[in-house]
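Okay, so here's the structure we're looking at.
No value in this document is a laboratory result; all are computed from the given coordinates. Since the structure is predicted, the reported quantities are computational estimates derived from the model, not experimental observations. Methodologically, a virtual Cβ is constructed for each residue, glycine included, from the backbone with ideal geometry; neighbour enumeration extends over all protein chains shown.
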Amino acid sequence: MGTCWTVFQSPVRRRRVQFDTRFNYSIIPAMHELAVTEGILKIALDAANQNGARRIVAIDLVIGELSSIVDDSIQFYFDQLSRGTLAEKAALRFQREPAQVVCLDCRHSFPARAPLTPQCPQCGSARLRVSGGREFHIVSLEVEDEPADC
Ligand SMILES: [Zn+2]
């Protein structure tokens, strides 16, 4: 009975759903991209449902620079898997996080991208300590809310 005008009258509200990346939402980087994508989709849909979102517009992800995950294949799998869900047509936005390398001889520290250089650019030492660069997690979602009841 009747038409729901509320949808047209009120502009769709967009907001961001933030994840606590330190604990719950990291995805094991060694997983195959298809499995990783399934993980992303599940986490995103759960969060969207919990937050009463109508649609997921975008998903922000961090990928370590040394991770073997390829952005394009994630988006490819995601487009397939998300059909018919709240996340259909959502854009995946990837942010690459560089690894940090510290030279154990001269203490010089520098960001590293794959492939790693085996030597310190400052003193030529090969005694390097690499940290980070392999993380992979969801940072936030951009969602649209449920329209008001009518
Ligand atoms: Zn050095």
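Within a Cβ distance under 10 Å of D79, other residues only, what is the Lys/Arg minus Asp/Glu net charge? Spell out each step's value before the answer.
Numbers: positive: R83, K89; negative: E88.
Charge balance in the 10 Å sphere: +1.
Show the residues, 5+ positions off or on another chain, whose built amide H is closer than 5 Å to the amide H of R54.
Amide H neighbours of R54: E144, D145, E146.
Under the 0.36 nm per residue contour assumption, what length would be gained going from the current alpha-carbon distance of R96 and H32 to full extension? Each step should come with its number before you reach the end.
Details: separation 64, 0.36 × 64 = 23.04 nm, distance 1.82 nm.
21.2 nm is the gain from fully extending R96 to H32.
So between S73 and Q18, what do we pick up on full extension, going 0.36 nm a residue minus the alpha carbon distance? Numbers along the way, then the final one.
Details: separation 55, 0.36 × 55 = 19.80 nm, distance 2.42 nm.
Full extension of this stretch gives 17.4 nm more.
Where the convex hull is taken over the Cα atoms of the range 30-150, what is its projected area averaged over directions, in nm²?
Values: hull surface 35.0 nm².
Across all orientations, the range 30-150 yields a mean hull projection of 8.7 nm².
Explain nothing, just compute: Karplus ³J(HN,Hα) = 6.51 cos²θ - 1.76 cosθ + 1.60, θ = phi - 60°, for every residue of the range 61-70 in order, whole Hz, x for Gly and Pro.
10, 10, 10, x, 4, 9, 6, 8, 5, 9
Starting from the 7 Å offset along Cα-to-Cβ, what nm value, one decimal, do you get for the label separation of C106 and Q119?
Roughly 1.1 nm, to one decimal.
Would you mind checking which residues have amide H under 5 Å from V139's amide H? H placed 1.01 Å from N; only 5 or more apart, or other chain.
D60, L61, V62
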